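Chemist: Take this structure first; my questions come after.
The values are calculated or read from the model by the stated rules, or taken from the named source; none is laboratory data. Owing to the predicted nature of the structure, the values given are computational and were not obtained by experimental measurement. A quick note on method: Cβ atoms are made from the backbone with ideal geometry, for glycine too, and the neighbour counts reach across all protein chains shown.
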Amino acid sequence: MVNLSFSPEDAVLVLEDGQVYVGEPYGALGKTTGEIVFATGMTGYQETLTDPSYDRQIVVQTFPHIGDTGVNHEDPESKRIWVAGYVVREPSPVVSNWRADGSLDDDLKREGIVGISRIDTRKLVRHLRSAGVMRAGVFSGDELSDGKGGVKSVDELLDVVKATPQMQGLSLYDEVSTKEAYTVEPCGDFEGKKPLFTVAAIDLGIKGMTPHRMAERGCRVHVLPSTTTFEQIEALNPDGVFFSNGPGDPGEADAIVALLRQVLDAGHPFFGICFGNQILGRALGFGTYKLKFGHRGINQPVMDLTTGKVEVTAHNHGFAVDAPKGEPVAAPYENGKYGRVRVSHVDLNDDVVEGLQCLDIPAFSVQYHPEAAAGPHDAAYLFDRFVDLMKSSKEGK
């Protein structure tokens, strides 16, 4: 363990393997613990902070300068900041953007997000890439004080970190899901017009831009709580069903897997992203596993194996589907009940499965975030695929 001196005015980051980083407080003072992960995006920090998939995670920004453009009321992907803690190298001393309503530092303080700045984030990220993501804690203010004018020992702080639950084994989608259903009406060119399709979207940690992307294509989207029953989905008479992104271990989502199997059995066109991809994998009979350090950022190269096209995509996942790449295989669940399935997308950095396509039932999914908030729009065609799938199903093709 590294022995470092620090004062009550500092902020201290402690990893569960004993590494210690001393920096300055950023955001709120206090204590926070969670799984520490890193995001590689050069922009989009406001969307990252408000992505519910980061529930109970301390996020490290690999890009060194954060906060330049401040914060505004248009870019958040949900109604609150979800990250457990925030780690940056150089917070911007000024806000410089015509859309800004305030500073990131003030936003973090207002929402009680404990952070640390001015540490060597490059060293930290290189360590997480080799050792893997792990539990960590950020301590500052009174949580660093021993109450006697000094500071707590690293061993005391480490005990707090090690008491934090592991991400593997955690079920978190109910924690972040909406408690009340709401509807997103068609917008853009379709605003005020009769919806082309009705989508039942199960919120497992949905980002605001996702139903918006469907609404832009003429869909009326009913965003539903994670506790929604199949009968409640059926009552909407949907043309398609969507399962969103979300946090936690997909291996602890038996109830959602069972719900999706009811959806597939009924023949509804299905589209899932991120956590929804993992749920489709499980529903088809495949396993899931935890990645060493995951994919988080807006610059991940993925190949669409159905077209050979390479797209740059936005990611946020620490788990993946364990499915065979190559030729289509019979979905393992109940001796091939759901027919043939193939891996449709792979990550070009590490060959991780990034998408599934069912060939005998109307269902597909991807592991990344095609709503691209923040991020490139290379994957926007996936929403068009979903619309085409609903159209074909409606026409009986």
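Chemist: State whether the residues of segment 272-284 include one that is touching a residue at least 60 places away in the same chain (Cβ under 8 Å), in the same structural domain as L389 (by TED's automatic domain parsing), buried (at least 20 other Cβ atoms within 10 Å of the Cβ) and part of a strand (DSSP E or B).
Modeler: There is at least one residue in segment 272-284 that is touching a residue at least 60 places away in the same chain (Cβ under 8 Å), in the same structural domain as L389 (by TED's automatic domain parsing), buried (at least 20 other Cβ atoms within 10 Å of the Cβ) and part of a strand (DSSP E or B).
Chemist: Here is a follow-up. Would you point out the residue of segment 321-371, among those that are among the polar types (S, T, N, Q) and in contact with a helix residue (DSSP H, G or I) (Cβ under 6 Å, 6 or more places away or on another chain), that is nearest to G272 (Cα to Cα)?
Modeler: Taking segment 321-371 first, the residues among the polar types (S, T, N, Q) are 335, 344, 349, 357, 365, 367.
Checking which are in contact with a helix residue (DSSP H, G or I) (Cβ under 6 Å, 6 or more places away or on another chain) leaves us with 365, 367.
Working: S365: 4, Q367: 8 Å.
Filtering first and then ranking leaves S365.
Chemist: List the pairs whose first member sits in segment 373-395 and is farther than 21 Å from T40 by Cβ and modelled with pLDDT under 95, whose second member is of a type outside the set (D, E, K, R) and not in a helix (DSSP H, G or I), and whose Cβ atoms are under 6 Å apart, counting only residues at least 6 apart or on separate chains?
Modeler: Every condition considered, the pairs that remain are S393/P269; S393/P362.
Chemist: Can you name the number of the only condition in (1) in contact with a His (Cβ under 6 Å, 6 or more places away or on another chain); (2) over 16 Å from L356 (Cβ atoms); (3) among the β-branched types (V, I, T) that V302 fails?
Modeler: Unmet for V302, out of (1) in contact with a His (Cβ under 6 Å, 6 or more places away or on another chain); (2) over 16 Å from L356 (Cβ atoms); (3) among the β-branched types (V, I, T): (2).
Chemist: With the requirement that a residue be in a loop (DSSP other than H, G, I, E, B), of a type in the set (D, E, K, R) and touching a helix residue (DSSP H, G or I) at 6+ places or on another chain (Cβ under 9 Å), what does segment 31-67 give you? Let's see the steps before the verdict.
Modeler: So in segment 31-67, the residues in a loop (DSSP other than H, G, I, E, B) come out as 40-44, 50-51, 56, 62-64, 67.
Now drop any that are not of a type in the set (D, E, K, R), which leaves 51, 56.
Hit for segment 31-67 is R56, nothing else.
Chemist: Of everything in segment 330-364, what is small (G, A, S) and under 20 Å from the mean Cα position of the chain (by Cα)? Give them in sequence order. I'd like the intermediate steps shown before the answer.
Modeler: Taking segment 330-364 and keeping what is small (G, A, S), we get 330-331, 336, 339, 344, 355, 363.
Within segment 330-364, just G355 meets the criteria.
Chemist: Now, a different point. Specify which of the listed residues (V310, V387, V352) is exposed (fewer than 15 other Cβ atoms within 10 Å of the Cβ) and among the hydrophobic types (A, V, I, L, M, F, W, C).
Modeler: Numbers: V387 fails: exposed (fewer than 15 other Cβ atoms within 10 Å of the Cβ); V352 fails: exposed (fewer than 15 other Cβ atoms within 10 Å of the Cβ).
Every option except V310 fails the conditions.
Chemist: Quick one: which of F190, F242 is of a type outside the set (K, R) and surrounded by fewer than 24 Cβ atoms within 10 Å (Cβ to Cβ)? Step through it out loud before you land on a result.
Modeler: Numbers: F242 fails: surrounded by fewer than 24 Cβ atoms within 10 Å (Cβ to Cβ).
So the residue among F190, F242 that is of a type outside the set (K, R) and surrounded by fewer than 24 Cβ atoms within 10 Å (Cβ to Cβ) is F190.
Chemist: Of the residues in segment 244-260, how many are over 23 Å from V37 (Cα atoms) and free of Cβ contacts under 8 Å to residues at least 60 places away in the same chain? Full working, then the answer.
Modeler: First pass over segment 244-260, keeping only residues over 23 Å from V37 (Cα atoms): 254-260.
Within this subset, residues satisfying the condition of being free of Cβ contacts under 8 Å to residues at least 60 places away in the same chain are 254-255, 257-260.
Count: 6.
Chemist: Quick one: which of T43, T32 is in the same structural domain as D75 (by TED's automatic domain parsing), among the hydroxyl-bearing types (S, T, Y), under 25 Å from the mean Cα position of the chain (by Cα) and surrounded by fewer than 23 Cβ atoms within 10 Å (Cβ to Cβ)?
Modeler: Numbers: T32 fails: surrounded by fewer than 23 Cβ atoms within 10 Å (Cβ to Cβ).
After applying the criteria, what remains is T43.
Chemist: Scanning for something of a type in the set (F, W, Y), in a strand (DSSP E or B) and under 24 Å from the mean Cα position of the chain (by Cα), does segment 171-180 turn up at least one residue?
Modeler: No: segment 171-180 contains no residue that is of a type in the set (F, W, Y), in a strand (DSSP E or B) and under 24 Å from the mean Cα position of the chain (by Cα).
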